[in-house]
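Asker: One structure, pasted below without further comment.
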Amino acid sequence: MAKEISLATVKEHNKSDDLWIVIENKVYDVTKFRSEHPGGEDTLDYVAGRDGTKEFIEVGHSLEAREILKKFYIGDLAAADIKKKSPVRCAHVGLALGAIILGFALIYVIKRGGGPKQ
Ligand code: HEM
């Protein structure tokens, strides 16, 4: 199993000569790659010791960039530090929306006089 690394540990490696970065919940030690990065050293310094997924994706890196990344993989982000989308919350929003739509549909039907006959 891959080694689990906490965000706090990643944060300790936020220097240009000791540079870890999280991308899509995987941890990379890109210290040695810093000087070779076609996008410059500063860009990597900017995300040093933290989650750089957003920045990495925004640039629209090539598949080659992703291949390079694999070489620097050192472990997975600890489960406790992974932000999850809550399925419970999604279900609640879905139910609430469903109830509102049903309510409006009922009002519409009753106003048209098409409601249940007495
Ligand atoms: C740590 C993992 C990273 C790797 C392995 C990597 C690799 C590469 C590679 C191979 C390129 C050349 C173009 C391409 O193939 O897409 C590139 C370009 C670039 N990268 Fe990264 N990159 C990384 C992280 C980042 C981050 C976190 C940022 C922004 C904060 C960034 C900003 C850029 C920019 C702006 C370019 C464009 C350079 C240009 O076209 O002039 N990179 N990167």
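The values are calculated or read from the model by the stated rules, or taken from the named source; none is laboratory data. On a predicted model such as this, the values are computed, not experimentally measured, just so you know. All Cβ positions, glycine included, derive from the backbone under ideal geometry; neighbour counts span all protein chains shown. Each accessible area value is taken on the protein alone, full model and side chains, heavy atoms only, with ligands, DNA and RNA left out. Shrake-Rupley method; radii C 1.70, N 1.55, O 1.52, S 1.80 Å.
Asker: In µm²/s, what is D for the chain at 10 °C and 1.306 mPa s, where D = kT/(6 pi eta Rh) by Stokes-Einstein and Rh is the Kirkwood radius from Cα pairs?
Answerer: On the way: Rh = 17.5 Å.
In µm²/s, the coefficient rounds to 91.
Asker: Let me ask another. Kirkwood hydrodynamic radius (Cα pairs, Å) of segment 59-109? Show your work: numbers first, answer last.
Answerer: Numbers: mean 1/r = 0.0642 Å⁻¹.
The Cα-based Kirkwood calculation yields 15.6 Å.
Asker: I'd like the FRET efficiency for ALA91 and SER62, computed as 1/(1 + (r/R0)^6) with the beta carbon distance as r and R0 of 35 Å, rounded to 0.05. Please report the intermediate quantities before stating the final value.
Answerer: On the way: r = 38 Å, r/R0 = 1.08.
According to the calculation, E is roughly 0.40.
Asker: Could you tell me the number of lysine pairs in the chain with C-alpha atoms less than 18 Å from each other, where the two lysines are 8 or more residues apart or belong to different chains?
Answerer: Final tally of qualifying lysine pairs is 21.
Asker: Students often check this: by mean Cβ neighbours within 10 Å, which of 98-108, 62-72, 48-58, 7-17 ranks highest, and how do the rest follow? All intermediate terms of the calculation are to be shown ahead of the outcome.
Answerer: Working: 98-108: 10.2, 62-72: 12.2, 48-58: 16.2, 7-17: 14.2.
Going from most to least packed, we get 48-58, 7-17, 62-72, 98-108.
Asker: Next up: On the accessible surface of segment 1-72, probed at 1.4 Å, how many percent belong to carbon and sulfur atoms? Walk me through the numbers on the way to the answer.
Answerer: Working: 2500 of 4700 Å².
Taking all protein chains in place, segment 1-72 shows 53 percent carbon and sulfur surface.
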